[in-house]
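Peer 1: Encoded as structure tokens, here's the structure I'll be asking about.
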Amino acid sequence: MTNKYPDAEFKDGVYYHQHDVVIVGAGGAGMRAAIEAGPHAKTAVVTKLYPTRSHTGAAQGGMAAALANVEEDSWEWHTFDTIKGGDYLVDQDAAEILAKEAIDAVIDLENMGLPFNRTPDGKIDQRRFGGHTREHGKAPVRRACYAADRTGHMILQTLYQNCVKLGINFFNEFYALDLVTTKDENGKTRVAGIVALELATGDLHVFQAKSVVFASGGFGKMFKTTSNAHTLTGDGVGIVWRKGLPLEDIEFFQFHPTGLAGLGILLTEGARGEGAILRNASGERFMERYAPTIKDLAPRDIVARSMVKEVLEGRGAGPNKDYVYLDCTHLGAEVLETKLPDITEFARTYLGVDPVVEPVPVMPTAHYAMGGIPTNNEGEVLANNDEIVPGLYAAGECACVSVHGSNRLGTNSLLDINVFGKRSGRNAVAYAKTADFVPLPADPAKEVRDMVERLRNSNGTERIADIRRTLQEEMDKNAQVFRTEETLTNVMGTIHELRQRYMNVSIDDKGKRFNTDLLEAIELGFLLDLAEIVAYAARNRKESRGGHMREDYPDRDDANYMKHTMAYLTGDPHSPNPEDHITLDWKPVVFVKNDEGELRYPPKERKY
Ligand SMILES: Cc1cc2nc3c(=O)[nH]c(=O)nc-3n(C[C@H](O)[C@H](O)[C@H](O)COP(=O)(O)OP(=O)(O)OC[C@H]3O[C@@H](n4cnc5c(N)ncnc54)[C@H](O)[C@@H]3O)c2cc1C
């Protein structure tokens, strides 16, 4: 067999590549990191999707930055909103960085060629979004920079074009399946590279690297009703978890208020930013009761809970009274066609409803993972509360910095991927310049080869689609907007059974080329691992905060729970009780003080 990759060594059926920096993922975070790293070090981006198919491209509404282009604004108000929106679980120093560096992040994108919507005098236009306010909550502020309702698409295309211009080396449709680590003389984890499977051929590739950046996105596919693409299966988060590294605040998942009812396809909050209103069956603007000051523009956790409450209390619309309406009819055809064209089309295509003349049925949809791989503000991955893993970085939705705390504000993720994507790329290069390669173990692809062979050769009777469907339905039923001890215990039992059944799955396609059957089986394994941690950590947090609402503990409990969850894999992952293999610990929240030594953003009750 000839070596298709002349830069790589081909040995015992495996390709060996060597790069200073390897980035896993070509969404916004991965490509922003690549733009920093590429010009200064030998860099490769390994991505399971062709870059422009990454989920960043589906983002609609906008990217926050206190540019003050259309009205007064400041990075300090933006920081305050981010911390309050996150129900005070946000690390406040990180939120200050996010809000301050937002301004350069937008200008960077503009300089790279991103066609933002403009004001009549040519500045970048800005629109309202949930939880973004002026003067610490007085009224909604115009802070979201946008390109119609295709902001993520424009960001992704712009970043990709700039990567192409810089000659970044992409390995497209390569699935990273393992992080290669060794232990140093002190027993500390050292990163040597990654192992990936090439979709087109089924070949295994080892990428040796001084720095590895995970930018592999979220894991919304553990839920049935979700705005997330099919590919968002948490692979990177799962890989890091299986290596014994911790996950932070994994119980906090965001349910976006306006998914198309029954489908979950997203209608951007930008619609409410432009003035759309939520109504119940009798046409009442119910958010006036739940958030009298900013109403429909309250943070997502509050709006989603209010919607579900309306339905539970019998005020839902439709034949089964199981949804509410998003009313855009008063915005007029021109605003809808020019500022919200995609979502207007989605409602027409998928529900046969024309938002110009009738309200659109909506319900909350699983949207965003606030938790993930813990990092410090430099994008360096943490092995525990404060010790870093040298050479390992994470950015974007797979990471937890934590700038979103227990509930992310809309438009802060496109911002996060740019600010912390840039930081992680820059720091990954700086590290690679000083470090040596960590020697690879004798057969670094062994674990992946064994996993692939086990799945390919299995004669099991279980079907991937059945297990996945049950997981998604049970997560929707038990771990969605409202949770209790009982529902979480139920879903943990189901997940355990599913994990046992998963050991007995088989796949129809036994071949090597484009074996998506095999990859779906592997992705399901990551989803099952992560769902178990989500449910277990959620059961352990006996309070309600942000996106985590416990009906049996309805209040926020700062005395006992104003701290981050840290989860560790500490035993046989297949032992029946999570207690036997998951250890939960805590990490303090970082507060910022002013010159007088007082808290600059003191925790308060969240009122809107
Ligand atoms: C419908 C929708 C609308 C949204 N709208 C907004 C918005 O208006 N504003 C906002 O701020 N946020 C929005 N968000 C959230 C935001 O878009 C995402 O959180 C963000 O884009 C995530 O970027 P990322 O780079 O971390 O991951 P992604 O863009 O999801 O990219 C992940 C990358 O990782 C790669 N990958 C994954 N697994 C592997 C593997 N095993 N091996 C190799 N590569 C792998 C994929 O190929 C992909 O390139 C929206 C999200 C959705 C779903």
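The values are calculated or read from the model by the stated rules, or taken from the named source; none is laboratory data. Just so we're clear, the structure is a prediction, and the values are computed from it rather than from any experiment. Heads up, the Cβs are rebuilt from the backbone with ideal geometry, glycines too, and the neighbour counts pull from every protein chain shown. These area figures cover heavy atoms from the full protein model, side chains too; ligands, DNA and RNA do not enter into them. Shrake-Rupley method; radii C 1.70, N 1.55, O 1.52, S 1.80 Å.
Peer 1: So which of ARG499, ARG469 is surrounded by 15 or more Cβ atoms within 10 Å (Cβ to Cβ) and basic (Lys, Arg)?
Peer 2: Every option except ARG499 fails the conditions.
Peer 1: Looking at the range 159-216, which of the residues that are among the basic types (Lys, Arg) and in contact (Cβ under 8 Å) with a residue 12 or more places away in the chain is surrounded by the most Cβ atoms within 10 Å (Cβ to Cβ)? Write out each step before concluding.
Peer 2: Taking the range 159-216 and keeping what is among the basic types (Lys, Arg), we get 165, 183, 188, 190, 210.
Of the ones still in play, those that are also in contact (Cβ under 8 Å) with a residue 12 or more places away in the chain are 188, 190, 210.
Working: LYS188: 14, ARG190: 16, LYS210: 26.
Within the range 159-216, the match that is surrounded by the most Cβ atoms within 10 Å (Cβ to Cβ) is LYS210.
Peer 1: Is it the case that the range 433-445 has a residue that's assigned to a loop (DSSP other than H, G, I, E, B) and among the β-branched types (Val, Ile, Thr)?
Peer 2: Checked against the condition, which is being assigned to a loop (DSSP other than H, G, I, E, B) and among the β-branched types (Val, Ile, Thr), the range 433-445 yields at least one hit.
Peer 1: Under the condition of being open to solvent by 20 Å² or more (accessible area, probe 1.4 Å) and not acidic (Asp, Glu), which residue from the range 85-110 is farthest from HIS367 (Cα to Cα)?
Peer 2: Top of the filtered list is ILE107.
Peer 1: Shifting gears a bit: Loosely packed, with under 14 Cβ neighbours inside 10 Å, aliphatic (A, V, I, L, M) and under 21 Å from ASP235 (Cβ atoms): does that describe ALA445?
Peer 2: Values: loosely packed, with under 14 Cβ neighbours inside 10 Å: no; aliphatic (A, V, I, L, M): yes; under 21 Å from ASP235 (Cβ atoms): yes.
Considered against the rule, which asks whether it is loosely packed, with under 14 Cβ neighbours inside 10 Å, aliphatic (A, V, I, L, M) and under 21 Å from ASP235 (Cβ atoms), ALA445 comes out as no.
Peer 1: Determine whether ALA139 is buried (at least 24 other Cβ atoms within 10 Å of the Cβ) and either at pLDDT 95 or above or not basic (Lys, Arg) (or both).
Peer 2: Values: buried (at least 24 other Cβ atoms within 10 Å of the Cβ): no; either at pLDDT 95 or above or not basic (Lys, Arg) (or both): yes.
When the stated conditions are applied, ALA139 does not pass them.
Peer 1: Same structure again: Could you list, in sequence order, the residues of the range 530-580 that are in a helix (DSSP H, G or I) and open to solvent by 20 Å² or more (accessible area, probe 1.4 Å)?
Peer 2: Passing the criteria: TYR536, ARG539, ASN540, ASP558, ALA559, ASN560, TYR561, GLU579, ASP580.
Peer 1: Right, next: Where the second residue is among the acidic types (Asp, Glu) and crowded, with 23+ Cβ neighbours inside 10 Å and the first is under 17 Å from ILE373 (Cα atoms) and lies in the range 217-231, which pairs have Cβ atoms under 7 Å and are six or more apart or on separate chains?
Peer 2: Cβ pairs passing all conditions: GLY217/GLU397; GLY218/GLU397.
Peer 1: Does PHE219 count as surrounded by 23 or more Cβ atoms within 10 Å (Cβ to Cβ) and within 30 Å of ALA291 (Cβ to Cβ)?
Peer 2: For PHE219, the condition - surrounded by 23 or more Cβ atoms within 10 Å (Cβ to Cβ) and within 30 Å of ALA291 (Cβ to Cβ) - is met.
Peer 1: Report, by residue number, each residue of the range 377-422 that is closer than 24 Å to GLN208 by Cβ and within 15 Å of the ligand (Cβ to nearest atom). Steps first, answer last, please.
Peer 2: Step one: of the range 377-422, the residues closer than 24 Å to GLN208 by Cβ are 378-383, 387-396, 398-399, 421.
Correct list: GLY379, VAL381, TYR393, ALA394, ALA395, GLY396, CYS398, ALA399, GLY421.
Peer 1: Shifting gears a bit: Being in contact (Cβ under 8 Å) with a residue 40 or more places away in the chain and not in a loop (DSSP other than H, G, I, E, B) is the requirement here; does ILE495 meet it? Show your work before the answer.
Peer 2: Working: in contact (Cβ under 8 Å) with a residue 40 or more places away in the chain: yes; not in a loop (DSSP other than H, G, I, E, B): yes.
For ILE495, the condition - in contact (Cβ under 8 Å) with a residue 40 or more places away in the chain and not in a loop (DSSP other than H, G, I, E, B) - is met.
Peer 1: While we're looking at this one, here's another question. In the range 581-608, what residues are open to solvent by less than 30 Å² (accessible area, probe 1.4 Å) and under 23 Å from the mean Cα position of the chain (by Cα)?
Peer 2: So in the range 581-608, the residues open to solvent by less than 30 Å² (accessible area, probe 1.4 Å) come out as 581-582, 587, 589, 592, 601, 608.
Residues satisfying the conditions are ILE582, LYS587, VAL589.
Peer 1: I'd like to verify a number: residues in the range 46-62 that are within 6 Å of the ligand (Cβ to nearest atom) and over 30 Å from TYR16 (Cβ atoms), how many?
Peer 2: 7
Peer 1: Can you find a residue in the range 292-300 that is over 23 Å from ARG143 (Cβ atoms) and touching a residue at least 24 places away in the same chain (Cβ under 8 Å)?
Peer 2: Step one: filter the range 292-300 for residues over 23 Å from ARG143 (Cβ atoms), giving none.
Within the range 292-300, none of the residues are over 23 Å from ARG143 (Cβ atoms) and touching a residue at least 24 places away in the same chain (Cβ under 8 Å).
Peer 1: Another question, if that's okay. Residues in the range 447-469: is at least one of a type in the set (S, T, N, Q) and not assigned by TED's automatic domain parsing to the domain that holds ILE507? Reasoning before the result, please.
Peer 2: Step one: filter the range 447-469 for residues of a type in the set (S, T, N, Q), giving 457-459, 461.
Subsequent filtering for residues that are not assigned by TED's automatic domain parsing to the domain that holds ILE507 retains none.
No.
Peer 1: What number of residues in the range 229-262 are open to solvent by 10 Å² or more (accessible area, probe 1.4 Å), part of a loop (DSSP other than H, G, I, E, B) and near the ligand (Cβ under 8 Å from one of its atoms)?
Peer 2: Residues that pass the stated criteria total 3.
Peer 1: Ok, one more. Scan (1) buried (at least 24 other Cβ atoms within 10 Å of the Cβ); (2) under 22 Å from GLY130 (Cα atoms); (3) within 12 Å of the ligand (Cβ to nearest atom) for the single condition THR79 breaks and write down its number.
Peer 2: (3)
Peer 1: Is there a residue being within 16 Å of the ligand (Cβ to nearest atom), out of contact with any Gly (no Cβ under 7 Å at 6 or more places or on another chain) and not acidic (Asp, Glu) anywhere in the range 277-298?
Peer 2: no
Peer 1: So for the range 123-135 (the condition being surrounded by fewer than 16 Cβ atoms within 10 Å (Cβ to Cβ) and without any contact (Cβ under 8 Å) to a residue 12 or more places away in the chain), does at least one residue qualify?
Peer 2: no
Peer 1: Can you name the residue in the range 344-368 that is over 29 Å from the mean Cα position of the chain (by Cα) and aliphatic (A, V, I, L, M) and, of all such residues, is nearest to GLY275 (Cα to Cα)?
Peer 2: If we take residues in the range 344-368 being over 29 Å from the mean Cα position of the chain (by Cα) and aliphatic (A, V, I, L, M), then VAL356 is nearest to GLY275 (Cα to Cα).
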